[in-house]
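The values are calculated or read from the model by the stated rules, or taken from the named source; none is laboratory data. As the structure is a prediction and not an experimental result, all values here were calculated from the model. In this analysis, Cβ positions are derived from the backbone assuming ideal geometry, glycine residues included, and neighbour counts consider all displayed protein chains. For accessibility, only protein heavy atoms count, side chains too; no ligands or nucleic acids. Shrake-Rupley method; radii C 1.70, N 1.55, O 1.52, S 1.80 Å.
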Amino acid sequence: MDGPPTGEPVVSSIPASVVSANNPAREGPTLASVLERADALAETSPLSAEPLYRHIIHGHSDLVVTPADDVNAIKQAAIIGLADVLIKCNRAFEVASLTKTLHGYFATIPKAKTAKLVRTVIDHVLASPVVVGYGQRREDAKAAHVAMQAHLCQQTIAWCHAEKRTFLRQRIQGRLASLQLEAQQYTAALSGITELLREVKRLDDKAHLLEVQLLECRAQHALRNGPKARAALTAARTTANAIYVPLTLQAAIDMQAGVVSAEEKDYKTAYSYFYEAFEGFSSLGDPRAVSNLKYMLLCKIMVGLPGDVVPLSSTVTALKHSGREVDAMKAVAAAHSTRSLQGFEAALNQYHEELKLDTTVRSHLRALYDTLLTGNLLRIIEPYSRVEIGRVAELIKLPRRDVEAKLSQLILDKKLKGILDQGAGCLVVFDEAPVAKTYQYAIDTLTNMDKVLNTLFEKAATLR
């Protein structure tokens, strides 16, 4: 598209040194030189680079095009540069309108280049940081950010449907499903993944099939469907054995295998998977390495080895990823070592985002807190045969209502023999009654008599 699209304002803020008359005999700035200047300004002054990029994209007839200039390559570089500038200026939401104005240009270039360009722009938007506004909670800002990214994907998918660009649509649908999982829209994500999985299997695109199978595993795990999550992971591994798998994708497989193993309470196996994923992501400089390090420390805590957390987080590789994620696990390990519920609660409050907002960590820490609470309650009431519930709550420093609910659960689960006297507000603990063996002796006697009679009947039958 050589002219500005309908409804798009003509950029008038171009410096005078850039604009030149459309006269072949007259010297002026070349298309490539304007791109170089825009790229230089993008690092220091993004707002100044924006009109240059837009001028290259929407109307460059006044710029000199030399025989060495590849117009399409320059325009595509300008599109990516403008997207990056909008992201730097915290205006990533404008990328959706930018791509919409470029649909006409996309029709003039090969489909493969279009797919690469669109996927690159979307990847840059998906990697953009969350911007928290004044007075806005980070959770709300993140939800709005994910919604903006999902809108961009949905808009691109609709265009792909209209233009019958199946390959690009399937790739963007995979990214949309990943965003839906991040937004905890698990049912919608699984529905889209199931349909996409059916299409990709028909095309026999094993590389994309592997990515979709990993998404299915994540969705099933989020829905607490363990057997189907394990089946999807097994299918992904089978697919990976038949093709070359990049290191990033192999690390993602190991990470998901660790998550599934941890959900099955096999923390030792999960630790080995998380370690492999951590090594892979760390070598690539991928930010997911920090999450895997955190999960490694979590596995150590869950198997009762909180003392290994500090040495493990002090290794040369781990020190590169030190920060709040690692500090959060150190605080949990310290609370677990001292069996302190107050320390545990303080860690959860101090590192709310790192612990409570991480669904993988949250589910396991809930089980860990329940184990700590059970152990502390049983240790407190052990010397008593009758104790006031208020006194137990005072000793453990928890609300009386929570203590009473937990004691009721322990009694129903037969981990504690006793009753709650609601009238007196007391817990009555029963002594361990000795198990009478008379019943078992009588059963054993009858069993032996049955064997003797059967033997006698067999001998009598042979005498006949």
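Building the convex hull from the alpha-carbon atoms of the chain and averaging its projection over directions returns 38.0 nm². Computed with every protein chain present, the accessible area of Lys459 is close to 130 Å² [probe 1.4 Å]. The accessible surface of the stretch 271-384, taken with every protein chain in place and a 1.4 Å probe, is 53 percent carbon and sulfur. Of all aspartates and glutamates in the structure, the ones whose alpha carbon falls short of 14 Å from that of Lys415, not counting any fewer than 8 places away in one chain, are Asp370, Glu382, Asp431, Glu432. Other residues with beta-carbon under 12 Å from the beta-carbon of Ala150 carry, at +1 per Lys or Arg and -1 per Asp or Glu, a net charge of 0.
As a length-normalised measure over Cα pairs under 8 Å and 6 or more apart, the relative contact order of the chain settles at 6 percent. Cross-link partners of Lys111 among aspartates and glutamates, defined as those whose alpha carbon lies under 17 angstrom from its own and excluding same-chain residues fewer than eight positions apart: Glu163.
When each of the peptides 107-116, 31-40, 446-455 is scored by the mean number of other C-beta atoms lying within 10 Å of its residues, the order from highest to lowest reads 31-40, 107-116, 446-455. Once you divide the Cα radius of gyration of the stretch 69-218 by 2.2 N^0.38 Å, the number left is 1.09. Annotation: peptides 201-214, 372-385, ranked by per-residue average of other Cβ atoms within 10 Å with the highest first, follow the order 201-214, 372-385.
Take the cross-link list Lys142/Lys330; Lys75/Lys100; Lys294/Lys356; Lys228/Lys268; Lys206/Lys268 and give me the ones stretching past 19 Å between alpha-carbons. List each step's numbers first, then the result.
Numbers: Lys142/Lys330 26 Å; Lys75/Lys100 16 Å; Lys294/Lys356 13 Å; Lys228/Lys268 22 Å; Lys206/Lys268 31 Å.
Distance filter (> 19 Å) returns Lys142/Lys330; Lys228/Lys268; Lys206/Lys268.
Taking all protein chains together and a 1.4 Å probe, the residues Ser178, Ser128, Ser322 rank Ser322, Ser178, Ser128 from largest to smallest accessible area. Per residue, the solvent-accessible area of the chain (1.4 Å probe, heavy atoms of protein chains only, all protein chains present) comes to 54 Å². For the chain, the mean residue ellipticity at 222 nm estimated from helices alone is -22500 deg cm²/dmol, where every DSSP H run of n ≥ 4 contributes -39500 (n - 2.57) and the total is divided by all residues, rounded to the nearest 500. For the stretch 270-322 versus the stretch 193-262, the spacing of their alpha-carbon centroids is 23 Å.
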